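Written out below as structure tokens is the structure these notes cover.
The values are calculated or read from the model by the stated rules, or taken from the named source; none is laboratory data. As the structure is a computational prediction, the values presented were derived from the model and not from experiment. As a convention, Cβ positions derive from the backbone with ideal geometry for all residues, glycine included, and neighbour counts pool all protein chains shown. Side chains are part of the model used for accessible areas, which takes the heavy atoms of the whole protein and leaves out ligands, DNA and RNA. Shrake-Rupley method; radii C 1.70, N 1.55, O 1.52, S 1.80 Å.
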Amino acid sequence: MEIIWLGHACFRLRAREATVVTDPYDNKVTGYTLNRPSADLVTVSIDDPAHNNAGGVGGDPRVIDAPGEYEIAGASVIGVPLPGKDGRTVAYVIDLEDMRIAHLGATAAVPRTEEIEEFSDVDVLLVPVGGGLALDAAAAAETVSLIGPKLVMPMHYKTPAEKQKLDPVDRFLKEMGGKPGETFQKLSVTRSSLPEETQVVVLEYRR
């Protein structure tokens, strides 16, 4: 599976079964440029222009914006309701290529015990780390420790392109016991390539 960060909370997951785009944004709100990626499936975590611009995605995708269980284009998806700063947000657990990916959307609080159970056996965690309307660095690090994924990819943090007032990713890396290191334009991952212990991978914004 190929994972590319398109900015803010938006990723493109390209797998054998399907291509998924998470939380597509309005360019004017975030400062990033979406460039109309194609997808079979779009997940929307919250009704906010920084997360819900499904019309900006090409390919006539199916859009999921609510809790529930879905089977679409070979992808198995579970929408999990979680608390957001202004109400409910929806996180998604997506099964692709024998791996489980969780996108925490605009989650604003560390998930409770009963909510953490929904994220069992997650291999790749896409987690907000920059605060604002979502988790800050400390809460994100605590969430990572509770879920215990193999790979962690931070999102929703300050970059030169980002218009919203967010903290930089360095704060999260410090909470995780690391420091800024190599970044990647994209990541190709398979089950056999997953690390044994939790590893943080920082992706570069891909225009």
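Criterion first (under 23 Å from Asp121 (Cα atoms), part of a loop (DSSP other than H, G, I, E, B) and out of contact with any Gly (no Cβ under 9 Å at 6 or more places or on another chain)) does Leu135 satisfy it?
Numbers: under 23 Å from Asp121 (Cα atoms): yes; part of a loop (DSSP other than H, G, I, E, B): yes; out of contact with any Gly (no Cβ under 9 Å at 6 or more places or on another chain): yes.
Yes; evaluated as a whole, the condition is true for this residue.
On the given criteria, is Val110 under 23 Å from Gly178 (Cα atoms), part of a loop (DSSP other than H, G, I, E, B) and out of contact with any strand residue (DSSP E or B) (no Cβ under 8 Å at 6 or more places or on another chain)? First the steps, then the outcome.
Working: under 23 Å from Gly178 (Cα atoms): yes; part of a loop (DSSP other than H, G, I, E, B): yes; out of contact with any strand residue (DSSP E or B) (no Cβ under 8 Å at 6 or more places or on another chain): yes.
Yes.
How many residues does region 7-36 hold that are open to solvent by 10 Å² or more (accessible area, probe 1.4 Å) and either closer than 21 Å to Glu69 by Cα or in contact with a Lys or Arg (Cβ under 8 Å, 6 or more places away or on another chain) (or both)?
10
Pull up region 192-204, narrow it to residues that are under 15 Å from Pro180 (Cβ atoms) and in contact (Cβ under 8 Å) with a residue 60 or more places away in the chain, then point me to the one that is most open to solvent (accessible area, probe 1.4 Å).
Glu204
Considering (1) without any contact (Cβ under 8 Å) to a residue 40 or more places away in the chain; (2) open to solvent by 70 Å² or more (accessible area, probe 1.4 Å), say which one Ser188 fails and leave the rest.
(1)
Return yes when Gly148 is in contact (Cβ under 8 Å) with a residue 12 or more places away in the chain, surrounded by fewer than 21 Cβ atoms within 10 Å (Cβ to Cβ) and of a type in the set (Gly, Ala, Ser) and no when it is not.
On the way: in contact (Cβ under 8 Å) with a residue 12 or more places away in the chain: yes; surrounded by fewer than 21 Cβ atoms within 10 Å (Cβ to Cβ): yes; of a type in the set (Gly, Ala, Ser): yes.
Considered against the rule, which asks whether it is in contact (Cβ under 8 Å) with a residue 12 or more places away in the chain, surrounded by fewer than 21 Cβ atoms within 10 Å (Cβ to Cβ) and of a type in the set (Gly, Ala, Ser), Gly148 comes out as yes.
Can you pull out the residues in region 52-77 that are surrounded by 14 or more Cβ atoms within 10 Å (Cβ to Cβ) and closer than 15 Å to Asp23 by Cα?
If the condition is that a residue be surrounded by 14 or more Cβ atoms within 10 Å (Cβ to Cβ) and closer than 15 Å to Asp23 by Cα, then Asn52, Asn53, Ala54, Gly56, Val57, Pro61, Arg62, Val63, Ile64, Asp65, Pro67, Val77 are the ones that fit.
Within region 53-93, take every residue that is among the charged types (D, E, K, R) and either at pLDDT 95 or above or in a strand (DSSP E or B) (or both) and give me the one that is nearest to Pro128 (Cα to Cα).
From region 53-93, those among the charged types (D, E, K, R) are 60, 62, 65, 69, 71, 85-86, 88; that's our starting set.
Still in the running and either at pLDDT 95 or above or in a strand (DSSP E or B) (or both): 62, 65, 69, 71, 88.
Details: Arg62: 24, Asp65: 18, Glu69: 23, Glu71: 25, Arg88: 15 Å.
The extreme case among them is Arg88.
Assess whether Thr89 counts as being farther than 19 Å from Val124 by Cα, crowded, with 20+ Cβ neighbours inside 10 Å and in contact with a Leu (Cβ under 6 Å, 6 or more places away or on another chain).
Values: farther than 19 Å from Val124 by Cα: yes; crowded, with 20+ Cβ neighbours inside 10 Å: yes; in contact with a Leu (Cβ under 6 Å, 6 or more places away or on another chain): yes.
Considered against the rule, which asks whether it is farther than 19 Å from Val124 by Cα, crowded, with 20+ Cβ neighbours inside 10 Å and in contact with a Leu (Cβ under 6 Å, 6 or more places away or on another chain), Thr89 comes out as yes.
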